[in-house]
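The values are calculated or read from the model by the stated rules, or taken from the named source; none is laboratory data. Every value quoted in this text rests on a predicted model; they were computed, and no experiment measured them. All Cβ positions, even for glycine, are placed from backbone atoms using ideal geometry, and neighbour counts span all protein chains on display. Keep in mind that these areas ignore ligands, DNA and RNA; they rest on the heavy atoms of the full protein, side chains included. Shrake-Rupley method; radii C 1.70, N 1.55, O 1.52, S 1.80 Å.
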Amino acid sequence: MQATAEHLTAKIAEGVTTVYTNVERVTADWGRNYKATPEFATAKIQVWWDMFDCPIPQGYDARQVRPSIEAAFKELGYSGPVSITAYGDHKHTPLQALSSTGVHVALGLQANDVTVLSVLLACNNSGLVDEGCEFFESFRKGKVVLTNDHYACMVDMLGRAGRLDEAERLVNEVVNPDLVLWRTLLSACKIHRNVEMAERLKRKILEMAPGDEGALILMSNLYASTGKWNRVIEMKSDMRGMKLKKSPAMSWVDVDRETHTFMAGDLFSHPNSEQILETLEELIKKAKKVGYVEDKSCVFQDMEESAKERSLHQHSEKLAIAFAVWRNAGGSIRILKNLRVCVDCHSWIKIVSRVIKREIICRDSKRFHHFRDGSCSCRDYW
């Protein structure tokens, strides 16, 4: 059946209604640790743009479709190039994300700061560093005024690619670099274990914001990943002295219209903990048979090797997936995580998706991951 403009409007509205319902459920479950924000809801609306799966429905001209799209989003009080972000952040290919820029041109929409950010994010999430740099330079020469958000995206892109010196030079080009820019660069140092640059950046950040929790946590994890346990102890002591507390790693999974919450290391608070742990143990055994090996570099504590393995097995997303498998919920398993998924869990989930022959969708703090048949949509770049 051929899609109509009215059908598109209805589908978009239906999707957004579902999104807000899920937002209310999930944020209510977060309790004291988290607050619902307009940004969170907006991010979900961007994802549901994926329901509009092709740029222009077959048999329709862009000018015919545009009114229904504008009407739907005007009614919602939102406008902007959400399709670019959805393609880049969700499950589609980089080419689809970037080609959607052409769709906006066809619809007569003018590029703005959101368009620029969406294109840069699509390049960043896909590892298209050279292309991202070219876009950035062309945008700098254009009419759009670039903000710290655009620079932060570029710093993250360069930093994740290991081009730390270039990223630092870019930060220094900003008239008033904020904490986000410096923290973004510090996070890249943690990924590439550049302790020397990280310590220099930490001093700069703490000069701007004494007791900055994000910088201290990043440094503690960096020291742990490089085996500098004495420095880890020092950092944790400083954090205790400042009464800083790291946010716990948490995951949420929807099963039969109910949201279930799991926290890393919390094995017994769930009423079905016994069944969850039995299922998890079975999944780990099956995963090991087809190549899963624990990545102990993801453990930021000084402990015995066997204890590190147990710690990795207790990550929140593993518990959430085990619960969904035990409940034998049909269709895809959908997980929401408040932090970036670690390398170990990413490898484990890829293998488990093949073992259980089901798609697992995980939205972490960085992007969407669609795990299917042993691979991930991010192509191991996140």
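Taking the conditions (1) within 22 Å of residue 235 (Cβ to Cβ); (2) in a helix (DSSP H, G or I) in turn, residue 323 satisfies each one other than (1).
Within the range 189-198, can one find any residue that is among the basic types (Lys, Arg), assigned to a helix (DSSP H, G or I) and open to solvent by 10 Å² or more (accessible area, probe 1.4 Å)? Yes, the conditions are met somewhere in the range 189-198.
Restricting attention to the range 232-245, the residues that are free of Cβ contacts under 8 Å to residues at least 40 places away in the same chain and either closer than 12 Å to residue 324 by Cα or not basic (Lys, Arg) (or both) total 9. When we screen 309, 234 for residues that are surrounded by 14 or more Cβ atoms within 10 Å (Cβ to Cβ), farther than 22 Å from residue 350 by Cβ and either in contact with a Cys (Cβ under 7 Å, 6 or more places away or on another chain) or not basic (Lys, Arg) (or both), the only hit is 234.
Would you confirm, using the coordinates I've provided, whether residue 300 is of a type in the set (Phe, Trp, Tyr) and surrounded by fewer than 19 Cβ atoms within 10 Å (Cβ to Cβ)? The answer is yes for residue 300.
Quick check on my filter: what residues within the range 242-263 are part of a loop (DSSP other than H, G, I, E, B) and either closer than 17 Å to residue 317 by Cβ or small (Gly, Ala, Ser) (or both)?
Here is the first cut: in the range 242-263, the residues part of a loop (DSSP other than H, G, I, E, B) are 242-249, 256-257.
Passing the criteria: 247, 248, 249.
Answer yes or no as to whether residue 266 is open to solvent by 40 Å² or more (accessible area, probe 1.4 Å) and in a loop (DSSP other than H, G, I, E, B). Against the criterion (open to solvent by 40 Å² or more (accessible area, probe 1.4 Å) and in a loop (DSSP other than H, G, I, E, B)), residue 266 qualifies. For the range 246-264, the candidate set comprises residues that are touching a residue at least 24 places away in the same chain (Cβ under 8 Å) and of a type in the set (D, E, K, R); within that set, the residue that is nearest to residue 362 (Cα to Cα) is 254. Taken over the range 343-371, the residue count meeting the criterion of being part of a helix (DSSP H, G or I) and touching a residue at least 60 places away in the same chain (Cβ under 8 Å) is 6. Tell me, please, whether a residue that is in contact (Cβ under 8 Å) with a residue 60 or more places away in the chain and either surrounded by fewer than 17 Cβ atoms within 10 Å (Cβ to Cβ) or outside any helix (DSSP H, G or I) (or both) can be found in the range 269-286. Within the range 269-286, one or more residues are in contact (Cβ under 8 Å) with a residue 60 or more places away in the chain and either surrounded by fewer than 17 Cβ atoms within 10 Å (Cβ to Cβ) or outside any helix (DSSP H, G or I) (or both). Annotation note: Cβ proximity below 6 Å between a residue of the range 300-317 that is without any contact (Cβ under 8 Å) to a residue 24 or more places away in the chain and under 24 Å from residue 193 (Cβ atoms) and a residue that is assigned to a loop (DSSP other than H, G, I, E, B) and open to solvent by less than 30 Å² (accessible area, probe 1.4 Å) (sequence gap 6+ or interchain) occurs for 308/299; 309/294.
Quick one: how many residues across the range 261-276 are within 19 Å of residue 248 (Cβ to Cβ) and either within 25 Å of the chain's Cα centre (by Cα) or not aromatic (Phe, Trp, Tyr) (or both)?
Residues flagged as within 19 Å of residue 248 (Cβ to Cβ) and either within 25 Å of the chain's Cα centre (by Cα) or not aromatic (Phe, Trp, Tyr) (or both) within the range 261-276 amount to 11.
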